[in-house]
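**Student:** Dropping a structure here in structure tokens format, bear with me for questions.
The values are calculated or read from the model by the stated rules, or taken from the named source; none is laboratory data. These numbers come from a predicted model, not from an experiment. Every residue, glycine among them, receives a Cβ derived from its backbone with ideal geometry; neighbour counts consider all protein chains shown. These accessible areas exclude ligands, DNA and RNA; they are computed on the full protein's heavy atoms, side chains included. Shrake-Rupley method; radii C 1.70, N 1.55, O 1.52, S 1.80 Å.
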Amino acid sequence: MSTSSPELFVELDRSRPRGLRAQLERSLRDAIRAGRLRPGVRLPSSRALAADLQITRGVVVAAYDQLTAEGYLTSRQGQGTVVNAVTRPDPPRRRDPPPATVRYDFRPGDPDVGLFPHAAWARATRAALRSLSDDALGYGDPAGLPVLRETLADYLRRVRGLSCAPGDVVVCNGFSHGLSLLARVLADRDTAERGVAVEDPGHPSWRGQIEWAGAACLPVEVDDEGVRVDRLAASGAGAVLTTPAHQYPTGVVLSADRRIALTDWARTSGGYVIEDDYDAEYRYDRQPVGALQGVAPDHVIHAGSLSKSLAPGLRLGWLVVPPALRGELLAVRAHSDRFTTSLIQATAAEFIRHGDLDRHLRRTRRIYRQRRDALIEALHRHLPACHTTGISAGLHAVVRLPDGTDATRAADTAARHGVLVRPLRSGPGRPSQPSALVMGYSTLTPHRIEEGIRHLATVLELS
Ligand SMILES: Cc1ncc(COP(=O)(O)O)c(C=O)c1O
């Protein structure tokens, strides 16, 4: 164990005095996680560090206390404050490698990239190349190309009922990138202490991203009306990430009462709602529901991407950001990857303006609807004891298994027989979910869906 205090490199942005403690905390947390501050190292006394950084001692004491509470530091009598051994957050998990012989892949998450409109995209790329100015090929605005921001603002007002102008739009590389930028901004505010609520069950990756950025993550239960706003309010969170159009993975649409309660919560608590407009493009037999941002634009950060409607590989998404967060968000963006590739931005603008996205969505909605109907029919026929929910929108369904069936074991059995499905799961340490499978149907034809469900019924022996 080293007993001397290390020289610490801590950079503080003094133009934001309110965030000094959070900045110091984050700097130390990052250094410990990255191994720059090794276990056993003794930190300078709060007095010495405060003098060194020219900040008040109270700020250093508060930061040390917080990191002690989080388990990164220990205060020992006579030894001062010492770095603990921490397990670094796992690197992001790559998607499960498929078993050697996959016969039917019902895992949720991917659109059918075989439906990608190559000809229309090629036309849009050529048109974009012709129209790109020299300026657009230089170092661009971190918020995005003006033509795409205008196009997206028009599109989102028309199709999703947003209340936005081009200046509110920040182009990013998909939803996950947008979330990582936002998480960084929220982690610099008091939201880091209040925590960011996430839906439970929810997408497992988002939690890791928020924690990685330095904010605490608070799981909040989802029921058959969507996220529980009473539990959200009780959690004290400063922001919530939610999927109101089609909750992932339960498929629930946020009810009208909950929409009101959620925006009321944001207004009264000063919290932010991060609206992941996931699956909003694919709606089959329910009325359209406008985006939450349209009713509370100062409290909702709206986020979307082309990943489900066109292809995840394009890495193109957007945030619609309230003015109070915009400056910080753009600063974070400029300091990370600067901006999104100009040619992709110009192509997407051309593609949307020319009506190609509308056409593509009309076409794929028909196809996905047929696949969804095939899934429902096949489940009725081959697994009548199962009950299917969450099917009015999106590209996946939740299939409730008969009581007493272990969903994880069922998914393992299915995988051994070449059928890939996902069990419905809560986050670690959370109450268990009803026994159910989450099944995507977007990449299989109706015929293959019928075959796959017949095979699944045989191997699970549930019919
Ligand atoms: C809940 C949810 N939201 C959004 C996305 C889109 O993420 P991205 O735009 O980064 O591809 C996904 C992708 O799987 C998702 O599962």
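**Student:** Name the single residue that is surrounded by the most Cβ atoms within 10 Å (Cβ to Cβ) among those in segment 52-105 being modelled with pLDDT of 80 or more and within 30 Å of ILE449 (Cα to Cα).
**Tutor:** So the residue we want is TYR104.
**Student:** List pairs: first in segment 361-375 and in the same structural domain as THR388 (by TED's automatic domain parsing) and at pLDDT 95 or above, second open to solvent by less than 40 Å² (accessible area, probe 1.4 Å) and part of a helix (DSSP H, G or I), Cβ under 8 Å, 6+ apart or cross-chain?
**Tutor:** What qualifies is ARG363/LEU115; THR364/LEU115; ILE367/LEU115; ARG371/ILE449; ALA374/ILE449; LEU375/ILE449; LEU375/ILE453.
**Student:** Under 7 Å by Cβ, and 6 or more places apart or on different chains, what pairs join a residue from segment 200-219 that is more than 14 Å from the ligand (Cβ to nearest atom) with one that is hydrophobic (A, V, I, L, M, F, W, C) and in a loop (DSSP other than H, G, I, E, B)?
**Tutor:** LEU218/ALA237
**Student:** Oh, and also: Among the listed residues PRO297, PRO322, identify the single one that is more than 16 Å from the ligand (Cβ to nearest atom), open to solvent by less than 20 Å² (accessible area, probe 1.4 Å), touching a strand residue (DSSP E or B) at 6+ places or on another chain (Cβ under 9 Å) and assigned by TED's automatic domain parsing to the domain that holds PRO244.
**Tutor:** PRO322
**Student:** Taking the criterion of being at pLDDT 95 or above and open to solvent by 30 Å² or more (accessible area, probe 1.4 Å), would at least one residue in segment 425-442 satisfy it?
**Tutor:** Among the residues of segment 425-442, not one is at pLDDT 95 or above and open to solvent by 30 Å² or more (accessible area, probe 1.4 Å), which makes the answer no.
**Student:** Which members of segment 140-189 meet the condition of being more than 16 Å from the ligand (Cβ to nearest atom), more than 26 Å from GLN209 (Cα to Cα) and among the basic types (Lys, Arg)?
**Tutor:** ARG157, ARG158
**Student:** Still on this structure, please answer the following. Need pairs with beta-carbon distance below 6 Å; first residue under 18 Å from HIS360 (Cα atoms) and of a type in the set (D, E, K, R) and within segment 291-315, second more than 10 Å from the ligand (Cβ to nearest atom) and open to solvent by 30 Å² or more (accessible area, probe 1.4 Å); sequence gap 6+ or separate chains.
**Tutor:** If the second residue must be more than 10 Å from the ligand (Cβ to nearest atom) and open to solvent by 30 Å² or more (accessible area, probe 1.4 Å), no pairs are left.
**Student:** Taking ARG333, is it in contact (Cβ under 8 Å) with a residue 60 or more places away in the chain, surrounded by fewer than 16 Cβ atoms within 10 Å (Cβ to Cβ) and either assigned to a helix (DSSP H, G or I) or not aromatic (Phe, Trp, Tyr) (or both)?
**Tutor:** On the way: in contact (Cβ under 8 Å) with a residue 60 or more places away in the chain: yes; surrounded by fewer than 16 Cβ atoms within 10 Å (Cβ to Cβ): no; either assigned to a helix (DSSP H, G or I) or not aromatic (Phe, Trp, Tyr) (or both): yes.
The answer is no for ARG333.
**Student:** Restricting the search to segment 247-295, which residues are farther than 30 Å from LEU437 by Cβ, outside any helix (DSSP H, G or I) and more than 20 Å from the chain's Cα centre (by Cα)?
**Tutor:** Residues satisfying the conditions are GLY270, VAL295.
**Student:** Among the residues of segment 361-372, are any outside any helix (DSSP H, G or I) and of a type in the set (A, V, I, L, M)? It would help to see each step written out before you state the result.
**Tutor:** First, the residues of segment 361-372 that are outside any helix (DSSP H, G or I): none.
Looking through segment 361-372, none of the residues is outside any helix (DSSP H, G or I) and of a type in the set (A, V, I, L, M).
**Student:** Give me a count of the residues in segment 101-142 that are closer than 18 Å to SER305 by Cα and β-branched (Val, Ile, Thr).
**Tutor:** Result for segment 101-142: 1.
**Student:** Pick out the one residue from LEU314, LEU310, LEU306 that is touching a strand residue (DSSP E or B) at 6+ places or on another chain (Cβ under 9 Å), within 15 Å of the ligand (Cβ to nearest atom), under 28 Å from VAL113 (Cα atoms) and open to solvent by less than 20 Å² (accessible area, probe 1.4 Å).
**Tutor:** Details: LEU314 fails: open to solvent by less than 20 Å² (accessible area, probe 1.4 Å); LEU310 fails: touching a strand residue (DSSP E or B) at 6+ places or on another chain (Cβ under 9 Å).
Going through LEU314, LEU310, LEU306 in turn, the sole match is LEU306.
**Student:** Can you give me the number of residues within segment 261-279 that are open to solvent by 20 Å² or more (accessible area, probe 1.4 Å) and within 16 Å of the ligand (Cβ to nearest atom)?
**Tutor:** Going through segment 261-279 one residue at a time, the tally reaches 1.
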